[in-house]
Amino acid sequence: MVTPRWRKVFSDLGGNWVRTVLVIASIAVGVFAIGMIAGAYTIISQDMRASYEAGNPANIVIQTTAFGEDFIPSIERIPGIQAVEARRFITVQVQTAEGVWKNLRLVVIPDFENQQINRLFWIEGKTRPANRQVLLDIRALEDIQAETGDDLTIRLTDGTLLSMPFAGLVRDENTSAGDFFSPPIGYITFDTLQWLRQSMDYDVLYATVSQNRYNKDAIGRIARLVEAKLEDSGIWVISTDLHRSDEHPMENTVQAVLGILGALGVLIVFLSSSLIANTLSALISQHLQHIGIMKLTGARSLQVVGMYLALILLFGAVALLIAIPSGSLAAYALAQRTAAEVDFSLSGFRAIPMAIGLQIIIALAIPLIASLLPVLSGARVTVLEAVSDYKPAYAEMRKGWLDRLVVRVRWLSRPFLLSLRNTFRHKGRLVLTLFTLILGGAIFIAVFNVQASLNQYVSQVGNYFLADVNLDFAQPYRIEEVDAYARLVPGVTHVEGWSITRAEIIQADGTVLADLDVFGPPAGSTLLDPILLEGRWITAEDRRAITINEAIWQYYPNLHPGDSLRLKIAGKEDDWQVVGIFQFVGRDSLIAYTTYDCLSKVTHLTHRAYSFRIAAETHNMAAQEALSQRLGEWFRSLGFRISGIDAGLSSLNAASEGLSILISFLLVMALLTALVGSIGLMGTMGMNVLDRTREIGVMRAIGAVDRVIIRSVMIEGMLIGTISWAGAVVFSFPISLLLANIISQAIFNTPMQIVFTWTGFIIWLGVVLSLSALASVLPALNAARLTIREVLAYE
């Protein structure tokens with residue numbers, strides 16, 4: 001048999017469904033946010049690593065000059081090597097639309113059936129291409145609009161057009177993982193090389209190690225043995241990349257993003273707890289008479305506390321029923337979005353026990369903590385205090401400066417002044433509501449400021465991609481010759497030949513620390529405008545001097561201009577002075593600049609270059625692509641062998657691609673904060689209307705119609721929203737600075753200049769006013785429906 005106390009608990013749970021929904025929603029939104037973020041964090045961490053490792057990624061990737069398959073057994077005999085495979089990378093162009101061509105990187109795989117390293121995962125079509133056929137990586141479909149079975153039009157470096165059937169679709173989770181600058185990738189057999197007019201050899205060596213596959217230093221030691229073997233055999237090592245088997249190249253960046261989202265999730269829980277405290281404080285205030293009656297009939301304070309804590313636990317339990325499934329679904333959706341951006345496979349939908357455990361703790365503990373003070377305060381009230389504390393609302397109308405304003409101000413309507421007074425009636429409740437809305441609004445505005453800052457950061461990265469066309473040849477050509485021919489094409493205004501190579505940073509003990517991409521533009525180049533953090537840019541007077549990006553601080557935290565790095569370029573070691581450190585997108589890739597004259601002498605390509613940067617009269621994407629087309633046709637007609645040509649803005653778009661996932665996640669969190677604020681305001685308005693029940697009855701008794709009642713309530717909500725917007729604007733500045741600093745340090749490893757945009761301020765003003773109106777509608781309609789008899793009989 002249910003005792004009267006428990007009947008009271010269940011009656012409070014279902015007696016006022018609007019209040020119950022608001023309390024449950026207040027709890028559920030924070031629990032949902034934590035479940036979503038914790039679940040996504042776990043799914044992404046587990047599946048990204050498992051997916052990457054399932055492809056058996058190469059621990060050592062060495063780009064070399066040409067070698068034959070007969071050389072591979074000598075590498076397999078090196079101690080510590082588990083498996084070795086050869087590849088060949090060639091670049092052609094594929095027609096994606098009429099007159100539109102994109103670079104396509106073709107990877108030559110000698111044995112598709114027995115491929116062990118950087119495995120391909122079949123999606124559709126054939127698992128192995130026949131001679132003169134191609135498989136495409138699924139990411140290639142973003143650029144190539146084709147279906148399995150279609151014929152792709154391929155253009156070779158000499159301009160020859162070929163038709164190549166698209167035989168199947170695969171997923172490659174290892175080759176070019178984390179490289180947003182990588183072109184679309186296709187896979188062909190060794191026999192297809194001859195048809196593509198290529199030499200029948202390889203230029204990339206893949207190797208896995210037998211032990212310490214998760215230790216980059218151990219992998220590096222074996223890689224040096226492989227390099228030594230290659231060089232002893234007369235094969236020139238162009239570059240070496242090392243990879244742990246358990247670490248996706250994008251893992252650090254994704255984990256940093258999820259960590260930031262986790263911090264925002266904690267803030268949302270904090271906001272949710274303030275909502276709970278506000279709502280439950282109002283609930284206890286309204287139940288003072290109930291407590292007095294219970295005490296009059298013999299209830300003890302401990303029993304009262306137990307009843308209300310039980311009620312709160314029931315609220316939390318119902319919130320869990322909503323938040324656990326919705327949080328699990330949202331976590332998987334967030335993981336799917338990340339997997340699509342970063343390109344890895346998920347193991348399937350699943351609920352995460354750790355996330356559910358966190359949700360249970362938060363759903364039960366946070367409401368109890370938030371409500372403990374008001375519950376204890378209410379339980380201590382005496383019968384006399386409980387009964388005497390209840391006064392009709394109209395008995396308080398003569399108190400305070402706002403009441404005096406109601407009497408003295410004649411030019412404002414009485415209903416408006418009444419709404420103004422009611423806004424400030426419960427100051428504690430108002431403070432908590434404003435706190436929730438202000439903090440939620442400040443986070444919302446800060447997200448837009450951070451988004452603008454990221455966009456500006458990407459646009460600044462565009463300072464390194466000022467060329468309108470990037471033209472690469474399959475062999476070096478004299479710069480003066482390419483310049484003269486290029487200027488004959490209408491629209492070309494400037495041409496620069498750049499020297500580009502890979503270098504190795506050598507430590508004091510002679511071991512290789514890391515690989516470094518070195519660019520050699522001509523001194524005084526007008527096609528880049530670097531973002532210097534320290535020191536200066538390179539000049540024509542410099543000899544063996546470089547500027548390097550901030551990623552070097554991962555290896556040498558105390559490196560500053562004036563220090564030296566020992567670099568190995570084209571097989572020769574020398575000390576190079578660092579004259580400046582610049583900022584560039586991506587904190588892992590090491591990039592350096594020196595002058596063309598300096599680098600071309602080291603690489604023995606004086607007055608010649610493989611790569612050219614071309615400026616034009618018009619700088620939009622369409623004009624750049626059209627010029628790329630004209631230049632390609634022109635140079636091919638002259639007999640030049642083109643390995644790649646693309647619009648300058650395509651490189652910038654690739655650089656910004658890695659930030660799109662962060663921006664989309666931040667917008668999700670902004671919407672969640674807006675949701676928290678709207679629930680808080682709706683709860684406050686609902687409580688305020690309940691407090692004013694008798695006052696509404698008095699207004700009706702003296703002739704107030706529904707329209708006046710509704711307008712009075714909605715004005716009150718709009719006033720709260722407007723005040724909160726002003727507070728959110730003020731607090732958005734420090735939150736924007738804090739959030740931008742966390743993001744820039746986590747992802748770019750360097751401070752990012754914050755940009756304050758009016759977009760967030762204006763959007764939040766519209767959002768908060770809309771939310772205020774919506775949050776006031778239901779309480780206003782409820783107030784308008786009350787009859788005079790109901791409100792005067794209200795207890």
Once residue 228 and residue 459 are pulled to full extension, the length gained, defined as 0.36 nm per residue separation minus their Cα-Cα distance, is 79.0 nm
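Once R0 is set to 56 Å, what does the formula 1/(1 + (r/R0)^6) return for the Cβ-Cβ distance between residue 115 and residue 302, expressed as a FRET efficiency to the nearest 0.05?
Numbers: r = 71 Å, r/R0 = 1.27.
Result of the calculation: an efficiency of 0.20.
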For region 587-630 (alpha-carbon point model, no solvent) the Debye-based log₁₀ I(q)/I(0) at q = 0.16, 0.18, 0.21 Å⁻¹ works out to -0.71, -0.78, -0.82
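So, R0 is 30 Å and r is the distance between the beta-carbons of residue 139 and residue 197; what FRET efficiency does that work out to, to 0.05?
Working: r = 27 Å, r/R0 = 0.89.
Taking R0 as 30 Å, the efficiency between residue 139 and residue 197 is 0.65.
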Karplus ³J(HN,Hα) for region 762-775 (6.51 cos²θ - 1.76 cosθ + 1.60, θ = phi - 60°; Hz, whole; x = Gly/Pro) runs 5, 4, 5, 4, x, 5, 5, 6, 5, 5, 4, 5, 5, 5
Expected vector for region 131-143, Karplus 3J(HN,Hα) from phi with 6.51, -1.76, 1.60 and θ = phi - 60°, integer Hz, x for Gly and Pro, equals 4, 6, 10, 9, 9, 10, 5, 4, 5, 5, 5, 5, 10
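Net charge around residue 330, counting only other residues with Cβ within less than 14 Å of its Cβ (Lys, Arg = +1; Asp, Glu = -1)?
On the way: positive: 337, 350; negative: none.
The answer is +2.
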Residues whose modelled amide H sits under 5 Å from the amide H of residue 576, counting only those 5 or more places away in sequence or on another chain, are 565, 566, 567
Gyration tensor (Cα only) of region 203-295 to equivalent ellipsoid, semi-axes in Å sorted down, yields 66, 12, 7
Expressed in nanometres to one decimal, the distance between label points 7 Å along Cα→Cβ at residue 762 and residue 500 is 4.0
With a Förster distance of 35 angstrom and the Cβ-Cβ distance between residue 529 and residue 474, calculated FRET efficiency to the nearest 0.05 equals 0.75
Any residue on another chain or 5+ positions along whose placed amide H is under 5 Å from the amide H of residue 469 is listed here as 614, 648
Two pseudo-spin positions, 7 Å from Cα along C-beta at residue 161 and at residue 558, lie apart in nanometres by 6.3
Karplus ³J(HN,Hα) for region 186-202 (6.51 cos²θ - 1.76 cosθ + 1.60, θ = phi - 60°; Hz, whole; x = Gly/Pro) runs x, 10, 10, 7, 5, 5, 6, 4, 5, 5, 8, 6, 10, 5, 8, 8, 10
Cα extents of region 232-352 per principal axis, largest first, Å, are 99, 25, 21
A chain fully extended from residue 148 to residue 69 at 0.36 nm per residue, minus the present Cα-Cα distance, gains in nm 25.3 nm
For residue 467, the net charge from surrounding residues (Cβ-Cβ under 11 Å; K, R +1; D, E -1) works out to -2
Quick tally, 1.4 Å probe accessible area for 288, 364, sorted with the most first, runs 364, 288
Expressed as a percent, the accessible surface of region 114-257 that is carbon or sulfur, using a 1.4 Å probe and the full set of protein chains, is 44
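The values are calculated or read from the model by the stated rules, or taken from the named source; none is laboratory data. Everything quoted here is computed from the prediction, not taken from an experiment. Counting neighbours? That spans all protein chains shown, and the Cβs are built from the backbone with ideal geometry, glycine included. Note: accessible area is taken over every heavy atom of the protein model, side chains too, but ligands, DNA and RNA are not part of it. Shrake-Rupley method; radii C 1.70, N 1.55, O 1.52, S 1.80 Å.
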